[in-house]
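Taking it in order: structure first as structure tokens, then the write-up.
The values are calculated or read from the model by the stated rules, or taken from the named source; none is laboratory data. Note that the structure is a prediction, hence the values are computed from the model and not measured. Neighbour counts run over all protein chains shown; Cβ positions are idealised from the backbone, glycine included. All accessible areas refer to the heavy atoms of the entire protein, side chains included, with ligands and DNA or RNA removed. Shrake-Rupley method; radii C 1.70, N 1.55, O 1.52, S 1.80 Å.
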Amino acid sequence: MKINKIALHGFRNYEFETTDFGPGTNVIYGANAQGKTNLLEAVYMLAAGKSFRTRFDKELIGFGYDSADILADIVSHDREQTVNIVLRQGVRKQIKVNSVKKTAGELSGTLNAVLFCPDDLNLIKEGAAARRKLLDNAICQIRPRYGEYLTEFNRYYENKTRILKDWREKPSLLDTLDEFTDGMNRMSAQLIRYRAAFAKRLNEEAKPIHSEFSGLGEELCIEYSTVSSVRDPLGSAKEIYYDLCDHHEAHKKAELEAQQCLTGAHKDDLIISINGKNARSFASQGQTRTAALSIKLAEREIYLAETGEYPILLLDDVLSELDTKRQEFVLNRIGGGQTLITCCEDEGISNRTGGKVIHVDSGRIR
Ligand code: ATP
Ligand code: MG
């Protein structure tokens, strides 16, 4: 998969700009606040249908504009395709592939991207939400149904959370509680199945990468953790659903007292260990960074296996955060696919990779 050309109109700080990308490594460099991440964000939008920085599409529209337009020529499954996203104030975004309307979820059948930014280097030390986000973003791109389950789940979760928060002041709210609980359990069962399967693949793919990367043959292990009553997260949605109902039954009273949801996929996490020790508690900074990178590179391999093509790899500002050995490892490992790397100085990366160099300056691309 690759992107050959992009045109941005009224997107973030881009008035009207177009640029071509090379098939291999593309180094996007420029001073701070010039538009490097904005350019990656636009490319990410084409794959995910949403930004990785904000939930609010209107923030993507350039100041003083009423709409933003992203138009791109891409190649996927050996076919040239055109992807167009139009964002308008107060109107739902419009996504088209070859002039045919698509939903954000359907975009994943056309283009996939793996993003790696400095925050991801702390993936392992951060709270569980960061790891759930990793799972959600990745699975959404390879399993379109998952995105629909996730949206439904969030709707139930938010409603139920509100009821639990306010029921003491307004007991009538409890009338609809069961309905939301059931919805949450049904959607959680789906999310759990997908997440467990993806975590298993991630573990298999990241292990050899991390072992080689650490140079010490360290063993990385990724385990999926979910609601304790779920006996087999890889089992059928129906079995998982019943296990969740059991858990909820046992915690029903506690839930009302605690005024928060105690059963559901919002509790999920990935337990990451290195040589048998929990990485979140015991790993050094270097180890956690190495593990985070291995996980991202593993994600890329999973996409290759699933779609037959490497996704576009977006590296936002990460190389400067890595020591030379890790930089070399990444640069050697990213062959075979297209990569867009942003950095403040070209730092000789283009010499090392022989790729295209793109200079971004105040929303202009040179
Ligand atoms: P850094 O090296 O600091 O990461 P960058 O080149 O990646 O910088 P971007 O994050 O791409 O910078 O942002 C460039 C500029 O775009 C910022 O100054 C920001 O204020 C501006 N910007 C963000 N959103 C909008 C918008 N909706 N309209 C216009 N400008 C915007
Ligand atoms: Mg940036």
Answer yes if at least one residue in the range 323-331 is polar (S, T, N, Q) and at pLDDT below 95, and no otherwise.
yes
Among L60, L111, the single one that is near ligand 1 (Cβ under 10 Å from one of its atoms), more than 21 Å from C343 (Cα to Cα) and crowded, with 21+ Cβ neighbours inside 10 Å is L60
Pairs, please: C-beta under 7 Å, at least 6 apart or cross-chain, first residue on the phi > 0 side of the Ramachandran plot and in the range 33-52, second more than 10 Å from ligand 1 (Cβ to nearest atom) and open to solvent by less than 20 Å² (accessible area, probe 1.4 Å)?
G49/I95; G49/L107
Matching entry among T18, T54 (being of a type in the set (S, T, N, Q) and out of contact with any strand residue (DSSP E or B) (no Cβ under 7 Å at 6 or more places or on another chain))
T54
Residues of the range 22-37 being near ligand 2 (Cβ under 9 Å from one of its atoms) and out of contact with any Asp or Glu (no Cβ under 9 Å at 6 or more places or on another chain), in sequence order, are N32, A33
Restricting the range 12-21 to residues that are of a type outside the set (S, T, N, Q) and either near ligand 1 (Cβ under 7 Å from one of its atoms) or within 18 Å of P311 (Cα to Cα) (or both), the residue that is least open to solvent (accessible area, probe 1.4 Å)
F21
For T151, the lone unmet condition from (1) open to solvent by less than 40 Å² (accessible area, probe 1.4 Å); (2) within 15 Å of K50 (Cα to Cα); (3) assigned to a helix (DSSP H, G or I) is (1)
Residues (within 19 Å of I209 (Cα to Cα) and among the β-branched types (V, I, T)) located in the range 313-346
V318, T324, V330, I334, T339
Modelled with pLDDT of 95 or more and either within 15 Å of ligand 2 (Cβ to nearest atom) or open to solvent by 30 Å² or more (accessible area, probe 1.4 Å) (or both): does that describe D73?
yes
Counting only residues in the range 121-134 that are closer than 14 Å to A292 by Cβ and assigned to a helix (DSSP H, G or I), the one most open to solvent (accessible area, probe 1.4 Å) is identified as K133
Looking at the structure I just gave you, is V75 out of contact with any Leu (no Cβ under 9 Å at 6 or more places or on another chain), assigned to a strand (DSSP E or B) and under 29 Å from A292 (Cα atoms)?
yes
Members of the range 22-42 that are of a type in the set (A, V, I, L, M) and either open to solvent by 30 Å² or more (accessible area, probe 1.4 Å) or within 12 Å of ligand 1 (Cβ to nearest atom) (or both)
I28, A31, A33, L39, L40, A42
How do the helices (runs of 4 or more DSSP H) wholly within the range 263-347 filter down when requiring 3 or more residues that are buried (at least 22 other Cβ atoms within 10 Å of the Cβ): which remain?
285-307
Tell me which residues, restricted to the range 348-366, are open to solvent by 50 Å² or more (accessible area, probe 1.4 Å), touching a strand residue (DSSP E or B) at 6+ places or on another chain (Cβ under 8 Å) and either within 14 Å of ligand 2 (Cβ to nearest atom) or at negative phi (or both).
K356, V357, H359, R364, R366
